[in-house]
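**Student:** Please find one structure pasted underneath; my questions will follow.
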Amino acid sequence: MDDIFFRYLHFIGMMALMATLVAEHLLLAPTMTPAELKRLARIDTIFGLSALVVLAAGLTLWFGVGKPAVFYSHNWVFHLKITLFVLAALLSIYPTLFYRKHRNSSAETVAMPKVVVMLIRTELLLLLVIPLLAVLMAKGIGLS
């Protein structure tokens, strides 16, 4: 029964992760007020918390409950999935720092760097591929 709870938690975490990233993307504009950046920073905090839920539930599934750890450890699809997740996490650092730096700005508006938009879009693309890799793993694809 534990594995069902952690799989569900992992799944809900991924949905929250995607939902918050889509919300960030939809709220981005070429220029933004500090109040809008505060809203983005709050959403980004939820994004970070959901990433921690996904990570914690995933590690529990890998090493604690469910299938044996070797099922995941010897699967190149799993390693690709983890790599994409880590890459998405690394790409999220710059937008997070930008939101936090400018959320209390005294300026009337703040220009949104195009790199922030591209990083968010790249994260969305990476996170879109991860569930496909999970389905492939569940079918046993990638096992040595």
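Computed from the coordinates by the stated procedures, all read-outs in this text should not be read as laboratory data. No experiment lies behind these values; they were computed from the predicted model shown. Counting neighbours? That spans all protein chains shown, and the Cβs are built from the backbone with ideal geometry, glycine included.
**Student:** Please compute the contact order of the stretch 2-138 in relative form: average sequence separation of alpha-carbon pairs under 8 Å and at least six residues apart, divided by the residue count, as a percent.
**Tutor:** Values: 138 pairs, mean separation 52.1, N = 137.
Relative contact order, the stretch 2-138: 38 percent.
**Student:** Counting helices only, and only those DSSP H runs with n ≥ 4, report the 222 nm mean residue ellipticity of the chain as the sum of -39,500 (n - 2.57) divided by its residues, in deg cm²/dmol to the nearest 500. Walk me through the numbers on the way to the answer.
**Tutor:** Working: 6 runs with 112 residues, N = 144.
Mean residue ellipticity, 222 nm, calculated: -26500 deg cm²/dmol.
**Student:** Moving on to the next point. State the percent of C-alpha pairs, over all pairs in the stretch 1-134, separated by a distance greater than 19 angstrom. Working shown, then result.
**Tutor:** Values: 4606 of 8911 pairs.
Across the stretch 1-134, Cα pairs with separations above 19 Å total 52 percent.
**Student:** Treating the angle as unsigned and between 0 and 90°, give the value, to the nearest 10°, between the Cα long axis of helix 93-102 and the longest Cα principal axis of the chain.
**Tutor:** Tilt of helix 93-102: around 30 degrees.
**Student:** Expressed as an acute angle from 0 to 90° and rounded to the nearest 10, what is the orientation of the C-alpha long axis of helix 114-138 relative to the principal long axis of the chain?
**Tutor:** The helix 114-138 is inclined about 10 degrees to the chain.
**Student:** By how many nm would the segment from residue 124 to residue 104 lengthen if fully extended, with 0.36 nm per residue of separation less the alpha-carbon distance?
**Tutor:** Numbers: separation 20, 0.36 × 20 = 7.20 nm, distance 2.68 nm.
Residue separation times 0.36 nm, minus the Cα-Cα distance, leaves 4.5 nm.
**Student:** Right, next: Output the Cα-based Rg and Dmax of the stretch 57-114 in Å, rounding Rg to one decimal and Dmax to a whole number.
**Tutor:** Here Rg and the maximum Cα pair distance are 18.6, 55 Å.
**Student:** For residue 66, what residues show an amide H to amide H distance below 5 Å, using hydrogens built from the backbone and excluding near sequence neighbours?
**Tutor:** So residue 66 has HN proximity to 3.
**Student:** Amide H to amide H under 5 Å from residue 110: which residues, 5+ apart in sequence or cross-chain, H placed 1.01 Å off N in plane?
**Tutor:** So residue 110 has HN proximity to 32, 33.
**Student:** Same structure, new question: R0 = 25 Å: FRET efficiency of residue 135 with residue 93, Cβ-based, nearest 0.05? Could you put the intermediate results ahead of the total?
**Tutor:** Values: r = 28 Å, r/R0 = 1.14.
The pair residue 135/residue 93 has a calculated efficiency of 0.30.
**Student:** So how many Lys-Lys pairs in the chain land under 30 Å Cα to Cα, not counting same-chain pairs under 8 apart? Working shown, then result.
**Tutor:** Numbers: 38/101; 38/114; 67/81; 67/139; 81/114; 81/139; 101/114.
Total qualifying Lys-Lys pairs in the chain comes to 7.
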